[in-house]
(Lines give C-alpha, C1' and ligand atoms only; values in the text may rest on other atoms or scores of the structure.)
Protein backbone atom coordinates (compact mmCIF):
# COMPACT_ATOMS: atom_id res chain seq x y z
CA UNK A 1 0.00 0.00 0.00
CA UNK A 2 1.21 3.49 -0.83
CA UNK A 3 2.28 5.67 2.08
CA UNK A 4 -0.27 8.29 1.01
CA UNK A 5 -3.10 5.76 1.49
CA UNK A 6 -1.77 4.80 4.93
CA UNK A 7 -1.52 8.46 5.91
CA UNK A 8 -5.17 8.98 5.03
CA UNK A 9 -6.22 5.98 7.17
CA UNK A 10 -4.07 6.99 10.16
CA UNK A 11 -5.29 10.60 10.06
CA UNK A 12 -8.87 9.36 10.11
CA UNK A 13 -8.12 7.20 13.16
CA UNK A 14 -6.44 10.15 14.89
CA UNK A 15 -9.43 12.35 14.09
CA UNK A 16 -11.83 9.82 15.64
CA UNK A 17 -9.64 9.36 18.75
CA UNK A 18 -9.32 13.13 19.16
CA UNK A 19 -13.07 13.57 18.84
CA UNK A 20 -13.72 10.90 21.49
CA UNK A 21 -11.55 12.82 23.95
CA UNK A 22 -12.66 16.34 23.05
CA UNK A 23 -9.40 17.27 21.35
CA UNK A 24 -8.43 18.68 17.97
CA UNK A 25 -6.70 16.29 15.57
CA UNK A 26 -4.51 19.22 14.45
CA UNK A 27 -2.86 19.17 17.89
CA UNK A 28 -1.34 15.74 17.16
CA UNK A 29 1.89 15.60 15.13
CA UNK A 30 2.64 12.37 13.27
CA UNK A 31 6.30 11.32 13.23
CA UNK A 32 7.05 8.72 10.57
CA UNK A 33 9.53 6.28 12.09
CA UNK A 34 11.72 5.44 9.11
CA UNK A 35 14.47 3.47 10.86
CA UNK A 36 13.66 0.18 9.10
CA UNK A 37 12.90 1.49 5.62
CA UNK A 38 14.81 2.89 2.69
CA UNK A 39 15.47 6.55 2.00
CA UNK A 40 13.07 6.29 -0.94
CA UNK A 41 10.29 5.17 1.39
CA UNK A 42 11.08 8.04 3.76
CA UNK A 43 10.89 10.45 0.82
CA UNK A 44 7.49 8.96 -0.05
CA UNK A 45 6.30 9.87 3.45
CA UNK A 46 7.48 13.45 2.99
CA UNK A 47 5.69 13.63 -0.39
CA UNK A 48 2.54 12.35 1.36
CA UNK A 49 2.68 15.30 3.75
CA UNK A 50 4.43 13.67 6.72
CA UNK A 51 7.58 15.76 7.01
CA UNK A 52 8.48 14.78 10.58
CA UNK A 53 10.82 11.77 10.40
CA UNK A 54 12.18 9.68 13.26
CA UNK A 55 15.41 7.70 13.34
CA UNK A 56 16.94 5.71 16.19
CA UNK A 57 20.55 5.50 14.96
CA UNK A 58 22.93 8.34 14.16
CA UNK A 59 24.05 6.53 10.99
CA UNK A 60 20.48 6.14 9.76
CA UNK A 61 19.64 9.76 10.46
CA UNK A 62 22.72 11.01 8.63
CA UNK A 63 22.14 8.74 5.64
CA UNK A 64 18.57 9.95 5.10
CA UNK A 65 19.46 13.55 5.94
CA UNK A 66 21.92 13.56 3.02
CA UNK A 67 19.06 12.93 0.59
CA UNK A 68 16.14 14.69 2.26
CA UNK A 69 17.84 17.44 4.24
CA UNK A 70 15.69 20.28 5.52
CA UNK A 71 12.59 19.13 3.68
CA UNK A 72 11.98 17.19 6.90
CA UNK A 73 11.98 17.87 10.63
CA UNK A 74 14.30 15.29 12.18
CA UNK A 75 13.58 13.43 15.41
CA UNK A 76 16.16 11.21 17.09
CA UNK A 77 13.97 8.69 18.89
CA UNK A 78 16.34 5.94 20.01
CA UNK A 79 18.54 5.51 23.04
CA UNK A 80 21.44 7.90 22.46
CA UNK A 81 24.98 6.96 23.40
CA UNK A 82 27.01 9.91 24.61
CA UNK A 83 29.79 9.17 22.11
CA UNK A 84 27.31 9.36 19.21
CA UNK A 85 26.06 12.87 19.99
CA UNK A 86 28.71 14.65 17.95
CA UNK A 87 27.79 12.72 14.79
CA UNK A 88 24.08 13.64 14.78
CA UNK A 89 23.62 16.81 16.82
CA UNK A 90 23.64 19.17 13.81
CA UNK A 91 21.00 17.15 11.94
CA UNK A 92 18.50 16.48 14.74
CA UNK A 93 15.78 19.03 15.47
CA UNK A 94 14.38 17.00 18.39
CA UNK A 95 15.95 14.41 20.70
CA UNK A 96 13.40 12.14 22.37
CA UNK A 97 15.70 10.23 24.71
CA UNK A 98 17.34 12.55 27.24
CA UNK A 99 17.63 10.40 30.36
CA UNK A 100 20.87 11.28 32.17
CA UNK A 101 23.05 14.24 33.06
CA UNK A 102 26.09 12.98 31.16
CA UNK A 103 24.04 13.01 27.95
CA UNK A 104 22.71 16.51 28.67
CA UNK A 105 26.29 17.72 29.22
CA UNK A 106 27.43 16.25 25.90
CA UNK A 107 24.46 17.66 23.96
CA UNK A 108 25.12 21.07 25.51
CA UNK A 109 28.80 21.03 24.63
CA UNK A 110 28.29 19.86 21.03
CA UNK A 111 25.20 21.85 20.01
CA UNK A 112 25.54 25.12 18.13
CA UNK A 113 21.97 26.17 18.96
CA UNK A 114 19.39 25.21 21.61
CA UNK A 115 18.13 21.67 21.07
CA UNK A 116 14.53 20.63 21.70
CA UNK A 117 14.71 17.63 24.04
CA UNK A 118 12.19 15.20 25.45
CA UNK A 119 13.04 13.67 28.81
CA UNK A 120 12.49 9.93 28.48
CA UNK A 121 10.45 8.46 31.33
CA UNK A 122 10.19 4.75 32.11
CA UNK A 123 6.58 4.91 33.23
CA UNK A 124 6.01 1.14 33.06
CA UNK A 125 9.04 0.34 35.22
CA UNK A 126 10.19 -2.39 32.81
CA UNK A 127 13.89 -3.21 33.19
CA UNK A 128 14.23 -3.51 29.41
CA UNK A 129 13.21 0.11 28.91
CA UNK A 130 15.40 3.21 29.12
CA UNK A 131 14.32 6.35 30.92
CA UNK A 132 14.11 7.82 34.38
CA UNK A 133 11.46 6.94 36.96
CA UNK A 134 8.38 9.21 37.19
CA UNK A 135 9.36 10.44 40.66
CA UNK A 136 12.75 11.56 39.30
CA UNK A 137 11.33 13.74 36.52
CA UNK A 138 10.96 17.04 38.39
CA UNK A 139 14.38 16.98 40.12
CA UNK A 140 16.04 15.86 36.87
CA UNK A 141 14.48 18.68 34.86
CA UNK A 142 15.37 21.20 37.56
CA UNK A 143 19.00 20.05 37.43
CA UNK A 144 19.18 20.83 33.69
CA UNK A 145 19.10 24.60 34.30
CA UNK A 146 22.91 24.71 34.06
CA UNK A 147 22.84 23.75 30.35
CA UNK A 148 21.93 26.72 28.16
CA UNK A 149 21.53 24.60 24.98
CA UNK A 150 18.95 22.20 26.47
CA UNK A 151 15.26 23.02 25.95
CA UNK A 152 12.89 20.52 27.58
CA UNK A 153 9.94 20.67 25.20
CA UNK A 154 8.20 17.66 26.74
CA UNK A 155 8.32 14.09 28.00
CA UNK A 156 8.51 10.80 26.11
CA UNK A 157 7.67 7.23 27.04
CA UNK A 158 7.45 3.81 25.45
CA UNK A 159 4.45 1.85 26.70
CA UNK A 160 4.61 -1.94 27.16
CA UNK A 161 3.92 -4.15 24.16
CA UNK A 162 0.55 -5.37 25.36
CA UNK A 163 -3.08 -5.56 24.34
CA UNK A 164 -4.13 -4.55 27.87
CA UNK A 165 -5.75 -1.21 27.10
CA UNK A 166 -6.18 -0.28 30.76
CA UNK A 167 -2.43 -0.71 31.34
CA UNK A 168 -1.59 1.36 28.25
CA UNK A 169 -4.01 4.09 29.31
CA UNK A 170 -2.51 4.11 32.80
CA UNK A 171 1.02 4.57 31.40
CA UNK A 172 -0.01 7.44 29.18
CA UNK A 173 -1.92 9.14 31.99
CA UNK A 174 1.10 8.90 34.29
CA UNK A 175 3.28 10.61 31.68
CA UNK A 176 0.70 13.38 31.26
CA UNK A 177 0.68 13.94 35.02
CA UNK A 178 4.50 14.16 35.04
CA UNK A 179 4.34 16.67 32.18
CA UNK A 180 1.82 18.77 34.08
CA UNK A 181 4.08 18.81 37.16
CA UNK A 182 7.01 20.15 35.14
CA UNK A 183 4.90 22.67 33.22
CA UNK A 184 3.52 24.00 36.52
CA UNK A 185 7.06 25.03 37.52
CA UNK A 186 7.10 27.63 34.68
CA UNK A 187 10.80 27.06 33.96
CA UNK A 188 12.02 29.20 31.06
CA UNK A 189 14.18 26.37 29.66
CA UNK A 190 11.51 23.69 30.20
CA UNK A 191 8.05 24.71 28.96
CA UNK A 192 7.32 20.98 28.74
CA UNK A 193 4.13 21.17 26.69
CA UNK A 194 4.63 18.10 24.51
CA UNK A 195 3.89 14.42 25.09
CA UNK A 196 5.72 12.01 22.77
CA UNK A 197 3.84 8.75 23.25
CA UNK A 198 2.00 6.20 21.17
CA UNK A 199 3.20 3.96 18.36
CA UNK A 200 1.59 1.84 15.63
CA UNK A 201 -0.17 -0.50 18.07
CA UNK A 202 -1.43 2.02 20.64
CA UNK A 203 -1.50 5.53 19.16
CA UNK A 204 -5.27 5.93 19.39
CA UNK A 205 -5.21 5.42 23.16
CA UNK A 206 -2.23 7.79 23.37
CA UNK A 207 -4.18 10.47 21.47
CA UNK A 208 -7.14 10.02 23.81
CA UNK A 209 -4.77 10.56 26.75
CA UNK A 210 -3.16 13.72 25.38
CA UNK A 211 -0.31 12.75 23.05
CA UNK A 212 0.95 15.66 20.97
CA UNK A 213 3.48 13.61 19.00
CA UNK A 214 2.98 9.98 17.98
CA UNK A 215 5.76 7.83 16.54
CA UNK A 216 4.43 5.55 13.81
CA UNK A 217 6.58 3.14 11.84
CA UNK A 218 5.03 -0.14 10.70
CA UNK A 219 1.48 1.18 10.23
CA UNK A 220 2.74 4.10 8.13
CA UNK A 221 5.87 3.19 6.18
CA UNK A 222 5.94 -0.59 6.70
CA UNK A 223 8.64 -2.87 8.02
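The values are calculated or read from the model by the stated rules, or taken from the named source; none is laboratory data. Just so you know, these numbers come straight off a predicted model, no measurement behind them. No Cβ is skipped: glycine too gets one built from the backbone with ideal geometry, and neighbour counts run over all protein chains shown.
Of all residues in region 102-120, those that are without any contact (Cβ under 8 Å) to a residue 24 or more places away in the chain have Cβ atoms under 8 Å from Cβ atoms of residues that are surrounded by fewer than 17 Cβ atoms within 10 Å (Cβ to Cβ) and not in a helix (DSSP H, G or I), 6 or more apart or on another chain, in 112/90. Go through the residues of region 16-29 one by one and say whether even a single one is touching a strand residue (DSSP E or B) at 6+ places or on another chain (Cβ under 7 Å) and surrounded by 22 or more Cβ atoms within 10 Å (Cβ to Cβ). Yes: one or more hits.
Within region 105-127, the set of residues being touching a helix residue (DSSP H, G or I) at 6+ places or on another chain (Cβ under 7 Å) and either assigned to a loop (DSSP other than H, G, I, E, B) or surrounded by fewer than 18 Cβ atoms within 10 Å (Cβ to Cβ) (or both) comprises 110, 123, 124.
Out of all the residues in region 31-50, which are under 18 Å from the mean Cα position of the chain (by Cα), part of a loop (DSSP other than H, G, I, E, B) and either crowded, with 24+ Cβ neighbours inside 10 Å or free of Cβ contacts under 8 Å to residues at least 40 places away in the same chain (or both)? 34, 50 - these are the residues of region 31-50 that are under 18 Å from the mean Cα position of the chain (by Cα), part of a loop (DSSP other than H, G, I, E, B) and either crowded, with 24+ Cβ neighbours inside 10 Å or free of Cβ contacts under 8 Å to residues at least 40 places away in the same chain (or both). The lone criterion from (1) modelled with pLDDT under 95; (2) crowded, with 20+ Cβ neighbours inside 10 Å left unmet by residue 195 is number (1). Checking each residue in region 86-104 for being under 13 Å from residue 152 (Cα atoms) and within 16 Å of the chain's Cα centre (by Cα) picks out 93, 94, 95, 96, 97, 98, 99.
Here 87, 102 are screened, and the one residue that is surrounded by fewer than 13 Cβ atoms within 10 Å (Cβ to Cβ), in contact with a helix residue (DSSP H, G or I) (Cβ under 9 Å, 6 or more places away or on another chain) and either at negative phi or assigned to a helix (DSSP H, G or I) (or both) is 102. Against the condition closer than 24 Å to residue 32 by Cβ, buried (at least 20 other Cβ atoms within 10 Å of the Cβ) and touching a strand residue (DSSP E or B) at 6+ places or on another chain (Cβ under 6 Å), how does residue 211 come out, does it pass? So residue 211 passes the test.
So which residues in region 180-207 are on the phi < 0 side of the Ramachandran plot, free of Cβ contacts under 8 Å to residues at least 40 places away in the same chain, assigned to a loop (DSSP other than H, G, I, E, B) and out of contact with any strand residue (DSSP E or B) (no Cβ under 9 Å at 6 or more places or on another chain), if there are any at all? Matches in region 180-207: 184, 188. Filtering region 208-222 to residues that are in a loop (DSSP other than H, G, I, E, B) and either under 22 Å from residue 22 (Cα atoms) or more than 13 Å from the chain's Cα centre (by Cα) (or both) leaves 209, 210, 211, 212, 222.
Among the criteria (1) surrounded by 15 or more Cβ atoms within 10 Å (Cβ to Cβ); (2) in contact with a helix residue (DSSP H, G or I) (Cβ under 7 Å, 6 or more places away or on another chain); (3) closer than 20 Å to residue 108 by Cβ, the one residue 143 does not fulfil is (1). Annotation: residue 53 fulfils all but one of (1) touching a residue at least 12 places away in the same chain (Cβ under 8 Å); (2) in a helix (DSSP H, G or I); the unmet one is (2). Please verify whether residue 54 is at pLDDT below 95 and within 25 Å of residue 192 (Cα to Cα), treating the condition exactly as stated. No. Quick check: is even one residue across region 72-82 part of a helix (DSSP H, G or I) and either at pLDDT 95 or above or more than 30 Å from residue 101 (Cβ to Cβ) (or both)? Taking every residue of region 72-82 in turn, at least one turns out to be part of a helix (DSSP H, G or I) and either at pLDDT 95 or above or more than 30 Å from residue 101 (Cβ to Cβ) (or both).
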